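Note sheet for the following structure.
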2 protein chains.
Amino acid sequence: MADSSKAFDLVFEGEATAVGKMRNDIKVRWGSDEFDLATDEGGFHGGDGTAPPPLALFTAALAGCIMTQIRAFGKRLKVQVDGLDVATRLHWKGTPTTAGPYESEPVGFNLDITLDSPAGIDEQVALIRAATKGCFIEQSLSDKFPVTHRLKTTDGWIDV
Amino acid sequence: MADSSKAFDLVFEGEATAVGKMRNDIKVRWGSDEFDLATDEGGFHGGDGTAPPPLALFTAALAGCIMTQIRAFGKRLKVQVDGLDVATRLHWKGTPTTAGPYESEPVGFNLDITLDSPAGIDEQVALIRAATKGCFIEQSLSDKFPVTHRLKTTDGWIDV
């Protein structure tokens, strides 16, 4: 059950400037914290390769978000997490159009999670589900394409 | 009109490992390119502050994605872009629950775009709309919360 009287807001703000051929310098603020980030494209895409492309940051953000919540929520839910690895595969499609160069759409995002934990599989699954619901990025994604999560067990991968 | 016979796939893969208190080391691969990224949390959230938090990377990724497409599509659509700034505000809410610590949800994402361009406002608006449709991250977001875009004009901000 949700307790909306204790809801909290989270606001991230960015100030971004296009520089160079395809590089973007992006200052991100969260409260009093400030982070200097950048994106670029490789030479094939007209950039100088001075920073990762936006989708590389996105891939890291999604993996990092769910992993952070698995560890943070593990403490709160008393599910011990001694180690954690996540393999991520993000698949998009681009389709050329007569109006613009192309339109893009997500095909599917898959996260394969390996937990080192003495907890039972049911507890590990419950932790991953809670972390998914608490992951700000996952909850911002469309439900029109699959975001799948699998957990590694001694009997192989299971869907979460 | 979409030409599905010329559709192309885009796949980003990540291999992430939890290290330190809350840090995640994330190797991202795109074709033969490889990027070493990381996330962490500040001391207040139990981390060591060795890298930006996941949502800072997400903010930069979203801003960088739309900016990259505005410049790339500008060339293709013959809309000259001499300068480009984007101010981003991403707002989420967390609501405590009895089951997990809390559940999260997006409230609204706002992008304020300043283009330095000799093109007319109609052309600038058309470019931004095309870039939005071509932005892999924006197209992955849920339509259940507003993602707004405004363009700066000499008469003030207009909705795109």
Can you tell me the 0 to 90 degree angle between the C-alpha axis of helix B:121-134 and the longest principal axis of chain B, rounded to 10? 40 degrees
Roughly how far apart, in whole Å, are the Cα centres of the stretch B:94-116 and the stretch A:10-45? 19 Å
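Relative to the compact globular guide of 2.2 N^0.38 Å, what is the alpha carbon radius of gyration of chain A, as a ratio? Present the calculation step by step, with values, prior to reporting the outcome.
Details: Rg = 18.7 Å, N = 160, 2.2 N^0.38 = 15.1 Å.
It is 1.23.
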Please state the charge dipole magnitude for the stretch A:1-91, taken about the Cα centre, from unit charges on C-beta atoms (+1 on K and R, -1 on D and E), reported in debye and rounded to the nearest 20. 440 debye
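For the stretch A:32-83, compute Rh as the Kirkwood radius over C-alpha pairs and then the Stokes-Einstein diffusion coefficient at 37 °C and 0.692 mPa s; write the answer in µm²/s, rounded to an integer.
244 µm²/s
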Inter-chain Cβ neighbour average for residues B:82-89, partner chain, 10 Å: 5
Angle check, please: helix B:54-76 long axis (alpha carbons) against the longest principal axis of chain B (alpha carbons), in degrees 0 to 90, nearest 10. 20 degrees
Using the basic label-point model (7 angstrom from Cα toward the beta carbon), what is the B:Asp122 to A:Val11 distance in nanometres? 3.7 nm
Could you work out the mean count of beta carbons from other protein chains within 10 Å of each residue's beta carbon in A:31-38? 4
Using modelled backbone amide H atoms (1.01 Å from N, in-plane), which distant-in-sequence or interchain residues come within less than 5 Å of A:Thr153's amide H? A:Ile158
So for the protein assembly as shown, Kirkwood radius off the Cα pairs, Stokes-Einstein at 4 °C and 1.567 mPa s: how many µm² s⁻¹? 64 µm²/s
Which whole-number value in Å³ per residue fits the convex hull of the alpha carbons of the stretch A:67-160? 103 Å³
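Output the relative contact order of the stretch B:62-160, whole-number percent, from Cα pairs under 8 angstrom with separation of 6+ residues.
31 percent
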Within 10 Å of the Cβ of an average residue in B:18-25, the count of other chain Cβ atoms is 5
Positive-pole candidate from B:Phe12, B:Leu141, B:Ile158, dipole of the stretch B:2-160, charges at beta carbon: B:Ile158
Roughly speaking, what % of Cα-Cα pairs in the stretch A:115-160 are separated by over 11 Å, rounded to a whole number? 71 percent
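Computed from the coordinates by the stated procedures, all read-outs in this text should not be read as laboratory data. If you're wondering where the values come from, they're calculated on a predicted model, not measured in any experiment. Using ideal geometry, Cβ is built from the backbone for each residue, glycine included, and neighbour counts are taken over all protein chains shown.
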